[in-house]
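Engineer: For reference, the structure I am asking about is given below.
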Amino acid sequence: MTQTSEDSVLLRLEHLGIVPVIVLDDVVHATDLADALVSGGLPVAEVTLRTDAGLQTIRRLCDRGDMLVGAGTVLNAEQVDLVVEAGVSFVVSPGLSIEVVERCLHHNVAVIPGIATATELQAAVAAGLSHVKFFPAGKLGGRSMIETLAEPFPDVRFMPSGGVNAANVSDFLASPSIFAAGGSWMATKALIASQQFDEIARLAREASSLVRVASR
Ligand code: 3PG
C-alpha cells in the first residue's frame, strides 16, 4: 500500500508523542508560544478554533515552517476549508462529524475526530478512519477504557485528550493502542496570559522527555 501524506503526518504525530492543545486568546503571543514549544523539543500544536485568535494563530504557526500544525475544535466543513487554506497538516474535532471527516478526506488532510463510545468508534471506522481522538479521556475511564474499546477494533489507534497531564501521560503512551496524547498542561491559558514562556519551554521539555522514556 502506498503511503499518503496523511499517513506521514500521523507517523510524525506518533513520533512526537505529545500534542500540545493550544487555546490562545491573543495572537500577539503566538510567536513566543511557538518558540517555547520548539525550544522545548515539542514542535507541534493543535491550535483550537475556540477563540477568535485561533485561525490567525494557525496561519502564523504554519508560516514558520518549523512546526507540525493542526487545527482543533473544527466543527464543520467550512472551518475545514479555512484551516486547510491556512496550511494545517491535521484536523482534530471534539466529536465525530462525518461532514468534517469527508471534507478532510477530500483535501487529503489527516483528520482525528473525537469519539467517546463504541458506536462513535464504529462510525469512524465505517468512514474509513484508523486514528481517533478519545475525548475527554480522563473523565471517560482513561487508558483502560481505550484498551477495552480497542478489543473489537484492534487496528484503530487512539489519541487521548482531556485530563492528560505530566503525571499520567507516560502510562497512556505505554499502551500499544495509543499513538499520541493531547493536552494543554504545558501551555495552559494561565501560563500564556502571564507570558511565562520559559516555564512553557521547561514543561514542553519535560513532556518530550516523558515520550522518550515511555516504553513505546
Ligand atoms: C482538548 O480539546 O483536547 C482538551 O481541551 C485538552 O484537554 P486538557 O485541557 O484537559 O489538556
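The values are calculated or read from the model by the stated rules, or taken from the named source; none is laboratory data. None of these values were measured; they are calculated from a predicted model. In this analysis, Cβ positions are derived from the backbone assuming ideal geometry, glycine residues included, and neighbour counts consider all displayed protein chains. When the accessible area is computed, the model is the full protein with side chains, heavy atoms only, and any ligands, DNA or RNA have been set aside. Shrake-Rupley method; radii C 1.70, N 1.55, O 1.52, S 1.80 Å.
Engineer: Mind jotting down the distance between the C-alpha centroids of the range 5-82 and the range 123-149, whole Å?
Structural biologist: Using only Cα atoms, the two centres lie 22 Å from each other.
Engineer: OK, next. Quick one, what does Rg over Rh come out to for the range 5-214 if you take C-alpha atoms and the Kirkwood Rh?
Structural biologist: When Rh is taken as the Kirkwood radius, the ratio is 0.94.
Engineer: Rounded, prolate or oblate: which fits the range 1-103 when a ≥ b ≥ c are the square roots of the eigenvalues of the alpha-carbon gyration tensor, with rounded for a/c under 1.5 and prolate only if a/b beats b/c?
Structural biologist: oblate
Engineer: Something else now. Based on DSSP H runs of at least 4 residues, each adding -39500 (n - 2.57), what is the mean residue ellipticity at 222 nm of the chain after dividing by all its residues, to the nearest 500 deg cm²/dmol?
Structural biologist: Calculated from helices alone, the mean residue ellipticity at 222 nm is -13000 deg cm²/dmol.
Engineer: Are there trypsin sites (Lys or Arg not before Pro) in the range 109-188 that DSSP puts in a loop and that have at most 16 other Cβ atoms within 10 Å, and which ones?
Structural biologist: Working: sites: Lys133, Lys139, Arg143, Arg157; in loops: Lys139.
Sparse-neighbourhood loop trypsin sites (Lys or Arg not before Pro): Lys139.
Engineer: Ok, one more. Over the range 68-211, give the accessible area per residue in Å² for a 1.4 Å probe, as an integer.
Structural biologist: On the way: 5850 Å² over 144 residues.
In whole numbers, the range 68-211 has 41 Å² accessible per residue.
Engineer: Further, regarding this structure: Counting only protein heavy atoms and a 1.4 Å probe, tell me what percentage of the range 5-214's accessible area is made up of carbon and sulfur. Don't jump to the answer; show the numbers that get you there.
Structural biologist: Details: 4400 of 8720 Å².
Ligands and nucleic acids excluded, carbon and sulfur reach 50 percent.
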